[in-house]
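The values are calculated or read from the model by the stated rules, or taken from the named source; none is laboratory data. All values reported here derive from a predicted model rather than from experimental measurement. Every residue, glycine among them, receives a Cβ derived from its backbone with ideal geometry; neighbour counts consider all protein chains shown.
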Amino acid sequence: MVAVAKHAGLPFDAILTAELAHIYKPAPAVYQLAVDYLGCRPDEIMMVACHKYDLAAARAFGMRTAFVARPLEFGPDVRPDIAREDWFDIYAEDFVALAEALGA
């Protein structure tokens with residue numbers, strides 16, 4: 001994942017995956033891994049996802065949240081829930097919009 005991000009020129013500080021915690025979201029250990037690895041408070045970390053359950057768990061853990069819509073995630077005949085929610089810190093149609101919302 002890091003090589004893909006660097007190749008694309010994405011300015012990420014770190015890419016953490018649930019596999020590092022040996023458990024999967026929405027288990028709190030996944031979010032704790034980010035806190036421990038980055039040495040930040042939960043409110044200094046933003047979870048970016050296209051699944052609301054991931055974001056709800058991150059928010060419950062104290063993290064900031066950014067929803068990035070993926071309307072074609074399951075193909076053209078499936079309509080995932082991409083509606084805005086008041087509890088998202090950021091709602092973005094795509095990663096360009098997310099970058100703009102973050103001031104990048």
| Taking region 2-29 as the search range and keeping residues that are of a type in the set (Val, Ile, Thr) and modelled with pLDDT of 80 or more, which one is nearest to THR65 (Cα to Cα)? | THR17
| Members of region 66-104 found to be outside any loop (DSSP other than H, G, I, E, B), exposed (fewer than 13 other Cβ atoms within 10 Å of the Cβ) and modelled with pLDDT of 95 or more, listed by number | none
| request: Hey, could you check region 56-104 for residues that are free of Cβ contacts under 8 Å to residues at least 12 places away in the same chain and at positive phi and say which is nearest to the chain's Cα centre (by Cα)? | output: GLY103
| field | Condition broken by VAL30, with the remaining ones in (1) touching a residue at least 40 places away in the same chain (Cβ under 8 Å); (2) out of contact with any strand residue (DSSP E or B) (no Cβ under 7 Å at 6 or more places or on another chain) satisfied | value | (1)
| message | So ARG41 passes all but one of these: (1) closer than 20 Å to ALA14 by Cα; (2) of a type in the set (Lys, Arg); (3) under 15 Å from the mean Cα position of the chain (by Cα). Which condition number does it fail? | response | (3)
| task | Could you please find all residues in region 36-55 being touching a residue at least 24 places away in the same chain (Cβ under 8 Å), out of contact with any strand residue (DSSP E or B) (no Cβ under 7 Å at 6 or more places or on another chain) and either farther than 19 Å from ASP94 by Cα or not in a helix (DSSP H, G or I) (or both)? | result | LEU38
| request: Take region 10-24 and flag every residue that is closer than 17 Å to LEU55 by Cβ and in a helix (DSSP H, G or I). | output: ALA18
| said: touching a helix residue (DSSP H, G or I) at 6+ places or on another chain (Cβ under 9 Å) and either buried (at least 17 other Cβ atoms within 10 Å of the Cβ) or more than 27 Å from ALA8 (Cβ to Cβ) (or both): which single residue out of ALA49, ALA56, ALA18 fits that description? | reply: ALA49
| said: Can you tell me which of (1) touching a residue at least 40 places away in the same chain (Cβ under 8 Å); (2) surrounded by 13 or more Cβ atoms within 10 Å (Cβ to Cβ) is the one PRO11 doesn't meet? | reply: (2)
| Top-ranked residue in region 25-35 [being in a loop (DSSP other than H, G, I, E, B) and in contact with a helix residue (DSSP H, G or I) (Cβ under 6 Å, 6 or more places away or on another chain); ranked as surrounded by the most Cβ atoms within 10 Å (Cβ to Cβ)] | LYS25
